[in-house]
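Asks: Quick one: structure below, then a few questions.
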Amino acid sequence: MKRTAILIICFLAFSSIFAQIQPTSSSPSYRNIFKLSVSMFTRNTFQMGFEHYFNPTTSFLFNAGMNFKDSDYEQTWGVGTEAQLKLHVYNLIKPKSSHMLYFAPFLMNNYEEIQRNHSGVYGYSNIDDTFDAVSAGVIFGWSFSFANRINLDIYTGGGIRKAFNVQDNTYNDGINDYRYSGIIPRLGIDVGFWF
């Protein structure tokens, strides 16, 4: 009976101590972040990501998304995936917030289908185009965690992109066009949740 009472008192004492500790991004029980890319909405893309921390200085991010646009002259849809290996070069962990600076090499793949009404010299025609694109590069970013479990990730960088099997290149919207091949800039904002 005496041992049971001592065990219960010890358990209550330890549980009250741990109840006062708020979960933060530095907590070992939270090693994953579910992310939503806010900046990709400007490209008609819904993109979500999953980031896993192996240790405080290394994490792996996998993004997947789908784009869709339907206008009078063009309909596009596609899917894309991205993988990043994040190397955190600066960490400042506080009880309820954290700041992390990182750089991350990335690989990205896109599959796109475009149907467009095209008016040219010889009249009006419909163009269907299906192609793939591959990108690689490096981004630099700042990851800020606050309110114990909310994460804000702001990044910039760039790389190179190559589109394969593009059938029609008559209309080109520069770096915003999914058919673009060349140097690409990267700028984005992701909002996430630790779990």
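Asks: Taking 8 Å as the Cα distance limit and 6 or more residues as the minimum spacing, I'd like the relative contact order of segment 38-195 as a percentage.
Replies: Values: 384 pairs, mean separation 27.7, N = 158.
RCO, segment 38-195: 18 percent.
Asks: How high is the FRET efficiency from ARG31 to LYS96, r the C-beta distance, R0 25 Å, rounded to 0.05?
Replies: Numbers: r = 18 Å, r/R0 = 0.72.
The value I calculate is 0.85.
Asks: So how compact is segment 29-124: Cα radius of gyration and Dmax in angstrom?
Replies: Radius of gyration, then largest Cα-Cα span, for segment 29-124: 19.0, 68 Å.
Asks: Using each residue's phi in segment 46-61, evaluate 6.51 cos²θ - 1.76 cosθ + 1.60 at θ = phi - 60° and report the 3J(HN,Hα) Karplus result to the nearest Hz, with x for Gly and Pro.
Replies: Calculated HN-Hα couplings, in order: 9, 10, 10, x, 10, 10, 10, 8, 7, 7, x, 10, 9, 9, 10, 10 Hz.
Asks: Below 10 angstrom from the Cβ of SER37, what's the summed charge of the other residues (Lys, Arg +1; Asp, Glu -1)? Can you show the working numbers first?
Replies: Working: positive: LYS35, ARG43; negative: GLU82, ASP153, ASP190.
For residues surrounding SER37, the net value is -1.
Asks: Follow-up. Can you send over the solvent-accessible area of ASP70, 1.4 Å probe, protein chains only, in Å² to the nearest 10?
Replies: Probe radius 1.4 Å; accessible area of ASP70 about 100 Å².
Asks: For segment 54-195, give the percent of accessible area contributed by carbon and sulfur heavy atoms, probe 1.4 Å, rounded to a whole number. Don't skip to the end; give the middle numbers.
Replies: On the way: 5000 of 7750 Å².
Result for segment 54-195: 64 percent of the exposed heavy-atom area is carbon or sulfur.
Asks: So which lysines pass the test for LYS86, namely a Cα distance under 30 Å, with those fewer than 8 places away in the same chain ruled out?
Replies: By straight Cα distance, LYS86 reaches LYS35, LYS94, LYS96, LYS162.
Asks: Now, a different point. When the Cα centres of segment 73-93 and segment 128-164 are compared, how far apart do they sit, in Å?
Replies: Taking the Cα centre of segment 128-164 as reference, the centre of segment 73-93 is 3 Å away.
The values are calculated or read from the model by the stated rules, or taken from the named source; none is laboratory data. Note that the structure is predicted; figures quoted are calculated from it, not measured. Backbone-built Cβ (ideal geometry, glycine too); neighbour counts: all protein chains shown. Remember, those area values only see protein heavy atoms, side chains included, never the ligands or the DNA or RNA. Shrake-Rupley method; radii C 1.70, N 1.55, O 1.52, S 1.80 Å.
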